[in-house]
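Input: a single structure, listed below in structure tokens.
A short reminder: the numbers here are calculations on the coordinates, not readings from a lab. Since the structure is predicted, the reported quantities are computational estimates derived from the model, not experimental observations. Cβ: placed from backbone, ideal geometry, glycine included. Neighbour counts: every protein chain shown.
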Amino acid sequence: MARVYNFSAGPAVLPEEVLKEAADEMLDYQGSGQSVMEMSHRSKVYDNIIKEAEADLRELMNIPDNYKVLFLQGGASQFFAEVPMNLMKNKKAAYIITGQWAKKAYKEAQIYGEAVAVASSEDKTFSYIPDCSDLDIPEDADYVYICENNTIYGTKFKTLPNTKGHLLVSDVSSCFLSEPIDVTKYGVVYGGVQKNIGPAGVVIAIIREDLITDDVLPGTPTMLKWKTQADADSLYNTPPCYNIYICGKVFKWIKKMGGLSAMKEHNEKKAKILYDFLDESRLFKGTVVKEDRSLMNVPFVTGDKELDAKFVEEATKAGFVNLKGHRTVGGMRASIYNAMPIEGVEKLVEFMKKFEKENTK
Ligand SMILES: Cc1ncc(COP(=O)(O)O)c(C=O)c1O
């Protein structure tokens with residue numbers, strides 16, 4: 001078996017242990033005589049799977065009782081619409097534009113009301129996080145929206161914005177479970193699971209209970225109303241059963257690794273190896289201001305498009321795959337999510353050093 005080092009931004013590397021366990025249980029899940037793919041979502045066996053997944057997530061993130069955990073479909077992109085549909089009572093919201101995903105969410109919100117861009121880092125190709133300590137947030141804004149880790153550009157909010165008493169909604173798709181967070185600081189925390197948690201097809205949303213009401217925008221489809229999903233414990237209709245089962249296994253894996261503080265330490269160690277090399281390299285350089293660097297997504301360039309392409313090609317041959325930068329920005333990007341082992345980053349840096357030697361005078 002030849003496994004590669006997979007630096008994909010998502011869908012992304014999963015813990016090998018989890019994949020092996022799932023393989024072992026493929027034909028017969030714990031004596032049920034069925035695969036989890038085949039069983040009814042209304043069965044007792046499956047009910048235990050989804051309940052245990054939720055309980056483990058609650059424990060990992062220390063989620064207070066007054067927050068609901070929902071397992072939803074439609075990807076993070078559908079959630080861009082669900083946020084205004086469920087929260088825009090005054091038809092106004094403030095958006096902080098730190099990359100393409102935040103911008104897409106902002107554009108989606110404009111369909112439903114007045115979305116106001118209160119800060120942006122687009123002037124410098126989203127290479128930094130704007131100062132959000134004293135923003136001009138409209139009094140009657142229903143919420144302030146951020147994308148906490150910008151997958152494409154490799155920036156991360158190190159401190160949350162001062163929302164001046166407004167509700168904070170955060171897309172944590174690419175930093176989910178990478179470090180501890182204080183859930184009470186948010187109204188809604190959500191993300192697609194396909195980076196740090198599991199197979200594409202599930203969005204996990206952690207929503208403060210008082211925000212889950214029947215008072216949604218007219219025309220909101222039943223399925224997109226959080227109350228529908230919350231009242232049915234995410235089983236209003238058939239959920240992505242198998243994917244949730246894998247998420248549950250990843251939660252257990254993270255618990256075994258020591259929880260979110262241990263995960264943070266592991267991620268900081270990995271990111272440091274790569275950033276330290278980028279800072280001293282004569283060929284490669286990072287594209288993000290130091291203080292806003294993401295622990296998860298590390299974009300870098302050589303400054304020469306042809307050399308970038310050569311690097312990606314040679315790296316792929318050497319077993320380091322999916323290092324090509326996002327199609328809109330070029331260069332390279334190494335996504336080093338929870339499941340990327342330290343030796344994956346060490347070996348990548350070794351390979352980069354060799355490439356540098358061969359391609360500089
Ligand atoms: C931060 C962030 N938000 C949203 C999305 C969109 O996710 P989805 O493809 O699940 O709609 C992505 C996808 O990569 C992302 O990185």
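In a residue-by-residue description of the range 163-178, the property of being within 25 Å of residue 269 (Cβ to Cβ) and touching a His at 6+ places or on another chain (Cβ under 8 Å) applies to no position. For first residues located in the range 74-86 and in contact (Cβ under 8 Å) with a residue 40 or more places away in the chain, partners that are in a helix (DSSP H, G or I) and within 7 Å of the ligand (Cβ to nearest atom) and lie 6+ apart or on another chain with Cβ distances below 8 Å form the pairs 76/101. The single condition from (1) touching a strand residue (DSSP E or B) at 6+ places or on another chain (Cβ under 9 Å); (2) crowded, with 16+ Cβ neighbours inside 10 Å that residue 60 fails is (1).
Just give me the residues in the range 214-232 being assigned to a loop (DSSP other than H, G, I, E, B) and in contact (Cβ under 8 Å) with a residue 24 or more places away in the chain, in sequence order. Across the range 214-232, the qualifying residues are 215, 216, 217, 220, 225. Scanning the range 56-86 for residues that are of a type in the set (S, T, N, Q), in contact with a helix residue (DSSP H, G or I) (Cβ under 6 Å, 6 or more places away or on another chain) and assigned to a loop (DSSP other than H, G, I, E, B) gives a single hit, 66. Of everything listed in (1) touching a Leu at 6+ places or on another chain (Cβ under 8 Å); (2) closer than 20 Å to residue 261 by Cα; (3) more than 16 Å from the ligand (Cβ to nearest atom), the single unmet condition for residue 184 is (1). The set of residues in the range 97-107 that are within 11 Å of the ligand (Cβ to nearest atom) and without any contact (Cβ under 8 Å) to a residue 40 or more places away in the chain comprises 103, 104. Going by the conditions given, is residue 143 more than 21 Å from residue 336 (Cα to Cα), among the aromatic types (Phe, Trp, Tyr) and without any contact (Cβ under 8 Å) to a residue 40 or more places away in the chain? It is false that residue 143 is more than 21 Å from residue 336 (Cα to Cα), among the aromatic types (Phe, Trp, Tyr) and without any contact (Cβ under 8 Å) to a residue 40 or more places away in the chain. Close contacts from the range 168-185, counting a first residue that is crowded, with 24+ Cβ neighbours inside 10 Å and a second that is part of a helix (DSSP H, G or I) and among the aromatic types (Phe, Trp, Tyr), with Cβ to Cβ under 7 Å and a gap of 6+ residues or different chains, come to 171/101. Any residue at all in the range 134-145 that's within 20 Å of residue 291 (Cβ to Cβ) and within 16 Å of the ligand (Cβ to nearest atom)? No, there is no match, as no residue in the range 134-145 is within 20 Å of residue 291 (Cβ to Cβ) and within 16 Å of the ligand (Cβ to nearest atom).
For the range 266-309, filtering for residues that are part of a strand (DSSP E or B) and buried (at least 19 other Cβ atoms within 10 Å of the Cβ) leaves 7.
Taken over the range 187-212, the criterion of being in a loop (DSSP other than H, G, I, E, B), near the ligand (Cβ under 10 Å from one of its atoms) and within 9 Å of the chain's Cα centre (by Cα) is satisfied by 193, 194, 195.
To keep it simple, each residue is scored yes or no on (1) of a type in the set (Val, Ile, Thr); (2) out of contact with any strand residue (DSSP E or B) (no Cβ under 8 Å at 6 or more places or on another chain); (3) within 20 Å of residue 77 (Cα to Cα).
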residue	(1), (2), (3)
118	yes, no, no
133	no, yes, no
137	yes, no, no
164	no, yes, no
189	yes, no, yes
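Residue by residue, here is whether (1) within 30 Å of residue 238 (Cβ to Cβ); (2) buried (at least 22 other Cβ atoms within 10 Å of the Cβ); (3) among the acidic types (Asp, Glu) holds:
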residue	(1), (2), (3)
87	yes, yes, no
105	yes, yes, no
149	no, yes, no
157	no, no, no
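Output yes when any residue across the range 108-125 is of a type in the set (Gly, Ala, Ser) and under 19 Å from the mean Cα position of the chain (by Cα), and no when none is. Checking the range 108-125: not a single residue is of a type in the set (Gly, Ala, Ser) and under 19 Å from the mean Cα position of the chain (by Cα).
For residues in the range 37-50 being crowded, with 18+ Cβ neighbours inside 10 Å and within 27 Å of residue 258 (Cα to Cα), which is farthest from the chain's Cα centre (by Cα)? Top of the filtered list is 46. Of 12, 22, 53, all but one fail to be surrounded by 15 or more Cβ atoms within 10 Å (Cβ to Cβ), within 16 Å of the ligand (Cβ to nearest atom) and not in a strand (DSSP E or B); the exception is 12.
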